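Single-structure report; data block below.
Laboratory data are not the source of any read-out in this text; all were calculated from the coordinates shown. None of the values given here were measured: they were computed from a predicted structure. As a convention, Cβ positions derive from the backbone with ideal geometry for all residues, glycine included, and neighbour counts pool all protein chains shown.
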Amino acid sequence: GHVSFKKNKSNIINPSTKEIIVEDIDWCHYSSNSDEDPIVLFAKKGKRGFCNIVTNEVIVEPSTYTKAWVFSEGLAAVERNGYIGFVNTSGKVVIDFKFSYRGNSLYEFVFHDGYCVVADSLNKIGVVDKKGRWAIKPLYDDVELTKDYAIVYKEGEFKKQLDFKGHVLQDGIIDDIYDIRYDVQYTDLETGEPKMGYARNNNYYEYRVGSYSGLIDSKGKIITPPIYTDISG
């Protein structure tokens with residue numbers, strides 16, 4: 001491979017010539033699709049860099065960025081002063097630093113079919129295209145991407161399904177529905193002793209959207225919006 005271990009040091013090397021390209025790295029990560037994005041993210045002395053493992057060239061030296069993310073679809077996120085921008089496979093910044101860094105994991109800021117989930121300066125989440133333009137405006141607390149649409153969520157509201165022009169495809173998505181149960185006391189017919197059990201309400205149910213609950217009736221009519229942390233009988 002492209003990483004060798006020598007004298008307790010990890011190095012990125014040219015596998016053909018064994019020449020060391022980057023010496024004494026802390027760690028490295030390959031892109032999930034390394035055929036399309038043959039660029040390794042690595043850390044050295046607390047800084048992040050990128051190395052192209054086809055050309056065996058360092059495209060971003062480990063001197064500028066203390067945080068960076070893996071390449072996807074020809075772009076990778078880098079952080080500067082608490083904001084995220086994106087570099088291309090030449091190491092050039094092509095989407096400026098305007099998206100909030102919120103402690104995001106190494107596997108966020110990844111493009112899927114031309115779109116990426118990011119946050120604006122107010123930490124509201126939306127979706128951008130590969131030019132950095134908002135495809136879905138940053139209005140939400142959470143966004144999940146699929147190939148053809150996004151599921152967007154604001155706390156205390158219904159999830160919505162949007163296309164990448166911001167049009168609503170479905171405006172009320174529920175995650176789960178649960179029985180509402182009541183504690184009841186009854187008499188055991190064999191022993192005559194009182195016992196505790198539960199009864200189920202057949203007219204009303206608890207539904208969940210994200211981390212909040214609402215009340216729905218047995219015909220599917222929404223009784224309350226999803227604004228409660230819990231509902232019990």
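Quick one: grab the alpha carbon gyration tensor of the range 44-131, order the square roots of its eigenvalues as a ≥ b ≥ c, and give me rounded if a/c is under 1.5, else prolate or oblate depending on whether a/b is larger than b/c.
Note, shape of the range 44-131 comes out oblate.
Can you pull out the chymotrypsin sites (Phe, Trp or Tyr not before Pro) in the range 48-119 that DSSP calls coil and that have at most 11 other Cβ atoms within 10 Å?
Y107
Please list 3J(HN,Hα) in residue order for the range 26-43, calculated via the Karplus relation 6.51 cos²θ - 1.76 cosθ + 1.60 where θ = phi - 60°; whole Hz, with x for glycine and proline.
Residue by residue, the range 26-43 yields 7, 6, 8, 9, 8, 5, 5, 10, 6, 5, 7, 10, x, 10, 9, 8, 9, 10 Hz.
Taking every pair of Cα atoms in the chain, average 1/r, invert it to obtain the Kirkwood radius, and report Rg/Rh to two decimals.
Rounded to two decimals, Rg/Rh equals 1.20.
If you place +1 on the Cβ of every Lys and Arg, -1 on the Cβ of every Asp and Glu, and leave all else neutral, what size is the dipole of the chain about its Cα centre, to the nearest 20 Debye?
1020 debye
Report the label-to-label distance for M196 and H112 in nanometres (one decimal), using points 7 Å from each Cα along the Cα→Cβ vector.
Label-label distance for M196 and H112, simple model: 4.4 nm.
Relative to the compact globular guide of 2.2 N^0.38 Å, what is the alpha carbon radius of gyration of the range 147-212, as a ratio?
Dividing the Cα radius of gyration by 2.2 N^0.38 Å gives 1.89.
³J(HN,Hα) across the range 117-130 via Karplus (A = 6.51, B = -1.76, C = 1.60, θ = phi - 60°), whole Hz, x for Gly/Pro?
8, 9, 10, 7, 5, 9, 6, 8, 9, x, 10, 10, 8, 6
What residues from the range 96-111 fall in the zone where the backbone N is under 19 Å from a label point 7 Å along the Cα-to-C-beta line of L169?
Only 111 pass the distance filter.
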